[in-house]
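Working notes, beginning with the structure itself.
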Amino acid sequence: MFLFHNKQNSANVNVSATLVNIEAEKTFLCNVLNSPSLLNNADYLKLNLNKDDFAGEKAGLFFEEINNFAESTGVEQLNTTTFQMFITEKHPAKLFSNNSFLSSILICQIFPESAVIEIAKSIKKLSLRRNLIQSSESLRHDTIELNGRNLDEVIQQTEDRLEAIKTSNSETPLESGGVIELVDSLRRLQEVEAPRLIPTGFKKLDDYIAFVPGTLNTLAARPGVGKTAFALNIADHNMAKPENKGEVLFVSLELSMDEVFYRLISSVGQIDYRLIQRRDMSSVSSSNWAKAIQRIKSYERKPENASDSSENYSLLNVITPKKAITTPNDIRRYVRNSISTTGAPPSLVIIDYVQLMRMTSEPNDFENLPKIYNDVCYALKNIAREYDVPILILSQVGLSVDRRNTTPTAQNIAGSTGIHRASDVMLLLHKESNDSNQVQVIVEKNRSGPAGATLILGYVGQYYQFVDNS
């Protein structure tokens, strides 16, 4: 449909420039405006198309604004007239003088939806190829000009770039099967033991959800509501279960290791956190200290096939990265190291919190944050599937909700579209006031069960402890 013609000498050709098809991009945008229901097409959504996939700057901006309009106003309200008013009000004339770019879009040919999907795929493929070329050129430059870095850093950055491209590629082969495979699956269900479901430890909530190996799960709240405490309570519940062998990896991108430990000690020993902060140990009762020590000792396990002299290991593995930026590749390494140390996959991976992650370790990787959060979440989801572990990401809710003091929704999460789409379970925490001892737990999304429920848990702030209400 859209072919490339370039007869220049290959030695003088800018390779990236040949991987551009502006007419295809305009045609795609034209068809979206004429048939906006395409934005909800399952095959289209799998492509994970974004602004940066468009070679044309104006085409990319138009695509972004089409999605902004659809999210804010609704797909059903999108048409050429409403969008023209929207784009004219939002952007200065110097970008779209006399609506010439919009006019050039509207004269493009209209195609059936299946053909438009193919055009979208071609845009995505060209973007991936341009990104691969850019990554190879960056690797060549970085290898020649180390600029004080060692080769390990160059290799790390290259891995991060390639992982970002891999995550963006929707053509990852899928497992397929027919009736025979379905019958085999049913037979295996009868023969194998129940899956390793990871409960939250809160009875009311466990009636609705559990964290399933191979899934990505989100816990979101505005600052100060208790995301970290809630996650640590879940971790404690699972580490104390004797049958659990895999570590709980708690990757803290905000708190120091000591702060994580102190909050956990406060919770399991019911010790006022302010006493721990002030190092006022004399005010802590011996029974509370004993309670904390006994609980933390219950996290210890002996390695499989170990001799009597082998040292125990703890299921609690708190990681506070020293590098400025944490990427999905770092999480993958933490999971691998855990497996090699314990002989078992982690029972749960907790990341506090996802908005502090990036796809690459390059300092300038801060543009187009919604796309970055989207790519990070899908990369983490791939890691969960690859190692058959549940991952729980903590997420911030926008401060605007904090000022209004209204119940949050998924749309209030920074980078909400990608995070919501990638999550198998999404929980939202909400307190009516800062001094409230009641916290709402909203089951915003649940792929494996009912969603929409709002449960009430008690919260003892000085202990960083959530409790089931009687």
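The values are calculated or read from the model by the stated rules, or taken from the named source; none is laboratory data. All of these numbers come straight from a predicted model, not from anything done at the bench. Virtual Cβ from ideal backbone geometry, glycine too; neighbours counted across all protein chains shown. Remember, those area values only see protein heavy atoms, side chains included, never the ligands or the DNA or RNA. Shrake-Rupley method; radii C 1.70, N 1.55, O 1.52, S 1.80 Å.
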Return the pair list, or none, for Cβ contacts closer than 6 Å from residues in region 352-364 that are in a loop (DSSP other than H, G, I, E, B) and surrounded by 19 or more Cβ atoms within 10 Å (Cβ to Cβ) to residues that are modelled with pLDDT of 80 or more and acidic (Asp, Glu), at least 6 apart or on different chains. Met359/Asp375
Of all residues in region 448-459 being touching a residue at least 24 places away in the same chain (Cβ under 8 Å) and either in contact with a Phe, Trp or Tyr (Cβ under 7 Å, 6 or more places away or on another chain) or farther than 14 Å from Asp207 by Cα (or both), which is least open to solvent (accessible area, probe 1.4 Å)? Leu457
Go over the candidates Thr228, Thr200 one by one and state the one that is open to solvent by less than 10 Å² (accessible area, probe 1.4 Å) and of a type in the set (S, T, N, Q). Thr200
Residue satisfying condition, being modelled with pLDDT of 75 or more, open to solvent by less than 20 Å² (accessible area, probe 1.4 Å), touching a helix residue (DSSP H, G or I) at 6+ places or on another chain (Cβ under 8 Å) and of a type in the set (A, V, I, L, M), within set Ile123, Ile133, Ile110: Ile123
The condition from (1) in contact with a Gly (Cβ under 7 Å, 6 or more places away or on another chain); (2) at pLDDT 85 or above that Asp352 misses is numbered (1)
Those residues of region 256-280 that are closer than 22 Å to Arg332 by Cβ and surrounded by 16 or more Cβ atoms within 10 Å (Cβ to Cβ) come to a total of 1
Here's a check for you: in region 51-66, which residue that is touching a residue at least 40 places away in the same chain (Cβ under 8 Å) and surrounded by fewer than 21 Cβ atoms within 10 Å (Cβ to Cβ) is farthest from Gln411 (Cα to Cα)? Ala55
